[in-house]
Amino acid sequence: MSKQSVENLLAKGGSDKEFRVKYDNVMSKEKFVELAIADGYDFTIEELTQVIRENGDQFENYGNPPKRSIWG
């Protein structure tokens with residue numbers, strides 16, 4: 001489990017729209033992390049929260065269709 005894994009996922013979401021949309025439609029951090037683990041990433045909710053906070057972003061989504069401002 002690592003913050004680097006979170007950063008890798010956020011970078012992939014920043015460059016891959018289909019990947020990003022899949023995660024933008026998840027409403028909770030718990031489901032977000034479950035989906036990430038299923039995709040081969042290994043991190044905890046706490047690590048996700050820490051990286052998002054360090055980047056000055058928020059997890060909450062906005063708009064229709066839903067979007068997040070976390071993608072690198």
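In the stretch 1-25, which residue that is over 18 Å from Glu46 (Cβ atoms) and of a type in the set (Lys, Arg) is surrounded by the most Cβ atoms within 10 Å (Cβ to Cβ)?
In this case the residue turns out to be Arg20.
Can you pull out every residue in the stretch 24-72 that is touching a helix residue (DSSP H, G or I) at 6+ places or on another chain (Cβ under 6 Å), closer than 15 Å to Asn8 by Cα and not hydrophobic (A, V, I, L, M, F, W, C)?
Once the filter is applied, which keeps residues that are touching a helix residue (DSSP H, G or I) at 6+ places or on another chain (Cβ under 6 Å), closer than 15 Å to Asn8 by Cα and not hydrophobic (A, V, I, L, M, F, W, C), the stretch 24-72 yields Tyr41, Asp42, Glu47, Gly72.
Looking for whichever is of a type outside the set (Gly, Ala, Ser) and touching a Lys or Arg at 6+ places or on another chain (Cβ under 9 Å) here; the options are Leu35, Leu10. Which one fits? Reasoning before the result, please.
Values: Leu10 fails: touching a Lys or Arg at 6+ places or on another chain (Cβ under 9 Å).
Being of a type outside the set (Gly, Ala, Ser) and touching a Lys or Arg at 6+ places or on another chain (Cβ under 9 Å) holds for just one of Leu35, Leu10, which is Leu35.
Say we look at the stretch 53-72 and pick out the residues that are outside any loop (DSSP other than H, G, I, E, B) and basic (Lys, Arg); which of these is modelled with the highest pLDDT?
Arg53
So which residues in the stretch 26-51 are polar (S, T, N, Q) and surrounded by 13 or more Cβ atoms within 10 Å (Cβ to Cβ), if there are any at all?
Once the filter is applied, which keeps residues that are polar (S, T, N, Q) and surrounded by 13 or more Cβ atoms within 10 Å (Cβ to Cβ), the stretch 26-51 yields Thr44, Thr49, Gln50.
Would you pick out the residues in the stretch 1-52 that are small (Gly, Ala, Ser) and either out of contact with any Asp or Glu (no Cβ under 9 Å at 6 or more places or on another chain) or part of a loop (DSSP other than H, G, I, E, B) (or both)?
Selection gives Ser2, Ala11, Gly14, Ser15, Ser28, Ala38, Gly40.
Quickly run through the stretch 19-72 and pick out the residues that are without any contact (Cβ under 8 Å) to a residue 40 or more places away in the chain and in contact with a Ser or Thr (Cβ under 6 Å, 6 or more places away or on another chain).
Tyr41, Asp57
The values are calculated or read from the model by the stated rules, or taken from the named source; none is laboratory data. Being a predicted model, the structure only gives us computed values, none of them experimental. Don't worry about glycine lacking a Cβ; one is built from the backbone with ideal geometry, like all the others, and counts go over all protein chains shown.
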